[in-house]
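These notes concern the structure reproduced below.
What follows draws every value from the coordinates through simple rules; no lab data is involved. As the structure is a prediction and not an experimental result, all values here were calculated from the model. Positions of Cβ are generated from backbone atoms using ideal geometry, with glycine treated the same way; all protein chains shown enter the neighbour counts.
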Amino acid sequence: MAEPASLPISVIGPQFVAPSQLELIVDTHAPGNIVITDTDHKILLRVKPFNATFHRQRLLLDPDYRPLLLL
């Protein structure tokens with residue numbers, strides 16, 4: 001059996017890997033709309049429903065509404 005990796009694995013990019021734990025607040029504003037903030041209520045990410053042929057897709061946005069990832 002392989003040993004677990006000692007370094008964090010970056011799936012999207014290394015800029016999204018935090019060197020320490022981060023307290024987050026996940027708040028639902030409207031059906032399917034999610035806002036993720038830090039404990040000072042600074043918006044870090046937004047999640048919005050994305051209507052496409054596949055059901056339940058979500059669009060991950062930065063605080064300025066720029067798309068980052070389609071889930």
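Would you please give the FRET efficiency between Gln15 and Leu71, computed as 1/(1 + (r/R0)^6) with r the Cβ-Cβ distance and R0 = 22 Å, to the nearest 0.05? Can you show the working numbers first?
Numbers: r = 18 Å, r/R0 = 0.81.
That gives a FRET efficiency of 0.80.
Of all the C-alpha pairs in region 24-69, what % are more than 13 Å from each other?
Of all Cα-Cα distances in region 24-69, 55 percent exceed 13 Å.
Roughly how big is region 22-70's charge dipole about its Cα centre, with Cβ charges of +1 (Lys, Arg) and -1 (Asp, Glu), in debye to the nearest 20?
I would put it at about 340 debye.
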